[in-house]
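> First the structure, then my questions, so here it is.
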Amino acid sequence: MKNGFTMLEILLTVGLITALTAVSVPVFFRFESQNNLSVAASSLKDALRTARTFAESNENDSKWGVKVTTGSDQKIVIFSGSSYSGRDTSEDRDIDIVDSLNVNGASSEPEFVYTKEGKLDSVSEQERVKFTTNLYDLQKIVVTEADGAVHAFRYPPSCRLANYDSVDSGETQIDPDADGQNPVGVYCDREVDGGGWTMVARWDRSDSAFSSWDQSLPQDALRKDQNVDGNLDTIGVGSNQTATLN
């Protein structure tokens with residue numbers, strides 16, 4: 001009966017460990033990145049709701065807001081005051097953002113202030129903050145609306161919630177199922193009635209019929225068999241009309 005291991009057995013074992021490590025390490029770092037994104041988005045969403053609640057209850061007899069600082073000291077700050085620069089620093093509530101995330105907003109350091117009515121001050125429609133990673137093509141977006149509503153997603157679930165991204169109509173990635181897995185390309189109209197419309201078909205007056213779904217939408221775009229919440233409506237476009245969801 002022999003004792004110990006042969007050189008071949010040792011080499012096979014080392015090779016197996018190396019292979020498992022090569023597979024598992026990228027998976028771990030990707031999972032960590034996804035978790036960091038989710039935590040940052042949830043933290044910002046909770047901070048915005050907290051500031052809104054404080055403002056509505058007139059806590060500290062003041063407006064309340066949220067500031068997202070960037071650079072070497074990335075953090076989310078819930079503050080008391082009409083602006084971050086003029087805030088009462090003794091009321092600050094800080095939430096750290098991990099350094100591996102990038103923060104991008106409408107301004108270099110996004111700031112949101114709530115009135116006692118629970119609405120965002122100086123926001124006409126929507127503002128957004130996007131968290132991204134350096135290692136992977138991952139993102140989480142937090143969108144605030146003028147009425148105080150807050151949403152968090154990887155891809156916008158509709159053109160209405162993608163209205164912040166551009167003033168021009170065009171193809172946009174949306175995720176109707178809101179699972180963050182399989183976004184589809186659709187045409188978003190951002191000009192008619194404030195924008196936020198999703199084109200689902202075209203009506204040709206000359207033929208008195210809808211164009212086929214493949215002809216009316218970009219390749220791999222939203223199809224009629226996909227379930228999308230919204231109200232069907234029409235908007236005029238030249239001599240034709242476009243059936244849309246908003």
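> How far apart, in nanometres, would the label points at residue 32 and residue 20 be if each is projected 7 angstrom from Cα along the Cα-to-Cβ direction?
In this crude spin-label approximation the distance works out to 2.0 nm.
> Let me ask something additional. I want the local charge near residue 135. Using Cβ-Cβ distances under 10 Å, sum +1 for each Lys or Arg and -1 for each Asp or Glu among the other residues.
Details: positive: 30; negative: 32, 137.
Taking every Cβ under 10 Å from that of residue 135, the sum is -1.
> For the pair residue 73 and residue 181, how long in nm is the line joining their label points, each one 7 Å along Cα→Cβ?
Here the answer is 4.2 nm between the modelled labels.
> On a 21 Å Cα-Cα criterion, which of the cross-link pairs 75/119; 67/119; 75/116; 116/140; 63/130; 45/130 come out too long? Show your work: numbers first, answer last.
On the way: 75/119 23 Å; 67/119 16 Å; 75/116 25 Å; 116/140 28 Å; 63/130 25 Å; 45/130 12 Å.
Check vs 21 Å cut-off fails for 75/119; 75/116; 116/140; 63/130.
> Where does each of 54-60, 13-19 land if you order them by average Cβ count within 10 Å, highest first?
Ranking, from highest mean packing down: 54-60, 13-19.
> If packing is taken as the average number of other Cβ atoms within 10 Å across a peptide's residues, how do 78-87, 92-101 rank, most packed first?
78-87, 92-101
> Remind me, relative contact order of region 1-76 in percent, using alpha carbon pairs under 8 angstrom and six or more residues apart?
Reported as a whole number, the value is 18 percent.
> Cα-Cα pairs above 23 Å in region 7-97: how many percent?
47
FYI, it's all coordinate maths here, none of it is from the lab. These numbers were taken from a predicted model, which means no experiment stands behind them. Backbone-built Cβ (ideal geometry, glycine too); neighbour counts: all protein chains shown.
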